[in-house]
Amino acid sequence: MSMQQQIETKLADAIACKHLNVVNESHMHSRGTDSHFKVIVVSEEFSGKRLLQRHRQINEILKDELANHIHALAIHTFTPTEFSEHNGQVADSPNCLGGSKLD
């Protein structure tokens, strides 16, 4: 199973997602290994939660991947209403500045 599939599976199993998109952005970086991802998660579970709480939830679900495999993870979390208000659009991820354990 690829890292992208692993992330998708773990998030889908842990959160009742209305929309889930895991984007492998590794090709935009120098190494090209599967280590840079963007996740877009839309769920009613985020209602009433602050952004920090939402991000902590994602980080907890992916703690092993973050500790051992992923160098960068852009997290975009929305309720269905928020996602609709953004027309399903999220910001582009910033360029990687390095700092990997592999550098």
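The values are calculated or read from the model by the stated rules, or taken from the named source; none is laboratory data. Keep in mind the model is a prediction, meaning the values are calculated, not measured. Glycine also receives a Cβ, built like all others from the backbone with ideal geometry; neighbour counts cover every protein chain displayed.
A few remarks follow.
- Unmet requirement for K101, which otherwise passes all of (1) modelled with pLDDT under 95; (2) under 13 Å from the mean Cα position of the chain (by Cα): (2)
- The numbered conditions (1) at pLDDT below 95; (2) at positive phi are all true for G48 except (1).
- Restricting region 3-38 to residues that are in a loop (DSSP other than H, G, I, E, B) and in contact with a helix residue (DSSP H, G or I) (Cβ under 9 Å, 6 or more places away or on another chain) leaves a set whose member that is farthest from L66 (Cα to Cα) is K18.
- Complete set of residues in region 39-71 that are aliphatic (A, V, I, L, M) and out of contact with any helix residue (DSSP H, G or I) (no Cβ under 9 Å at 6 or more places or on another chain): L51, L52, A67
Here's the yes/no breakdown for (1) buried (at least 18 other Cβ atoms within 10 Å of the Cβ); (2) within 13 Å of the chain's Cα centre (by Cα); (3) not in a loop (DSSP other than H, G, I, E, B):
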site: I40; (1), (2), (3): yes, yes, yes
site: E45; (1), (2), (3): no, no, yes
site: K49; (1), (2), (3): no, no, no
site: R54; (1), (2), (3): yes, yes, yes
site: Q57; (1), (2), (3): yes, yes, yes
site: E60; (1), (2), (3): no, yes, yes
site: E65; (1), (2), (3): no, yes, yes
site: A74; (1), (2), (3): no, yes, yes
site: T77; (1), (2), (3): yes, yes, yes
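- E85 being surrounded by fewer than 18 Cβ atoms within 10 Å (Cβ to Cβ) and in contact with a helix residue (DSSP H, G or I) (Cβ under 9 Å, 6 or more places away or on another chain): no
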